[in-house]
1. With a 1.4 Å probe and every protein chain left in place, work out the accessible area per residue of segment 31-128 in Å², rounded to a whole number.
2. Residue by residue through segment 77-89, what is 3J(HN,Hα) from phi via Karplus (6.51 cos²θ - 1.76 cosθ + 1.60, θ = phi - 60°)? Round to whole Hz and write x for glycine and proline.
3. Quick one: angle between helix 49-66 and the longest Cα principal axis of the chain, in degrees between 0 and 90, rounded to 10, please.
4. Can you give me the long-range amide H partners of Ile75? Hydrogens built in the peptide plane at 1.01 Å from N, cutoff under 5 Å, separation of 5 or more residues or another chain.
5. Where a Cα-Cα gap under 30 Å defines reach, which lysines qualify for Lys115, not counting those fewer than 8 residues away within the same chain?
6. If a paramagnetic tag sat 7 Å from the Cα of Phe98 along the Cα-Cβ line, which residues of segment 40-58 would have the backbone N under 15 Å from that point?
7. Restricting to the chain, what percent of DSSP beta bridges are antiparallel, rounded to 5?
8. List the residues whose amide H sits under 5 Å from the amide H of Gln109, counting only those 5 or more places along or on another chain, with H placed 1.01 Å from N in the peptide plane.
Amino acid sequence: MTPQERQTIATTEAPGAIGPYSQAVQIGNMLITSGQLGMDPAGVFPDSVEEQTQRSLLNVKAILESAGFSMNQIIKTTVFLQDMNDFQKVNEVYASFFAEPYPARSAVQVAKLPKGGLVEIEVIAVKA
């Protein structure tokens, strides 16, 4: 793939897009995922924010791996929370997926997430 070529990434190991977007887009050595809700590939949400955070990051991991990337190549994450009071619970699960040097991160509370989700995570990964 040339540096300017754009490739869409899709895997059945993560939920399919629920609208007109791709699970991820790769351009050269950079991969950008769409936000991943905390539901399994069949569209089922676990009950707790911790379980949804884990599922969201497992979805991210599946998308990355399908494109030949790994979690340690993530340089930026954005975490969308339905309730900022869940930040510490989300952070504990999030920390189990990353090691130093940690990616840059933003975390914001939103009024509502698609399908009633409690958390959604998107990432940018780069192959060195």
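1. Values: 4860 Å² over 98 residues.
Accessible surface, normalised per residue, equals 50 Å².
2. Running phi through 6.51 cos²θ - 1.76 cosθ + 1.60 with θ = phi - 60° gives 10, 10, 10, 9, 10, 6, 9, 4, 5, 8, 3, 5, 5 Hz.
3. Helix 49-66 sits at roughly 10 degrees to that axis.
4. Amide H neighbours of Ile75: Ile124, Ala125, Val126.
5. Reachable lysines: Lys61, Lys76, Lys89.
6. In segment 40-58, the label zone of Phe98 (backbone N under 15 Å from the point 7 Å along Cα→Cβ) covers 53-54, 56-58.
7. Details: 20 of 26 bridges.
Counting DSSP beta bridges with both partners in the chain, the antiparallel share is about 75 percent.
8. Leu81
The values are calculated or read from the model by the stated rules, or taken from the named source; none is laboratory data. It should be emphasised that the depicted structure is a prediction, and the values quoted were computed from it without experimental measurement. Reconstructed Cβ throughout: ideal geometry from the backbone, glycine too, with neighbour counts over all protein chains shown. Please note that ligands, DNA and RNA were not included when accessible areas were found on the heavy atoms of the full protein model with its side chains. Shrake-Rupley method; radii C 1.70, N 1.55, O 1.52, S 1.80 Å.
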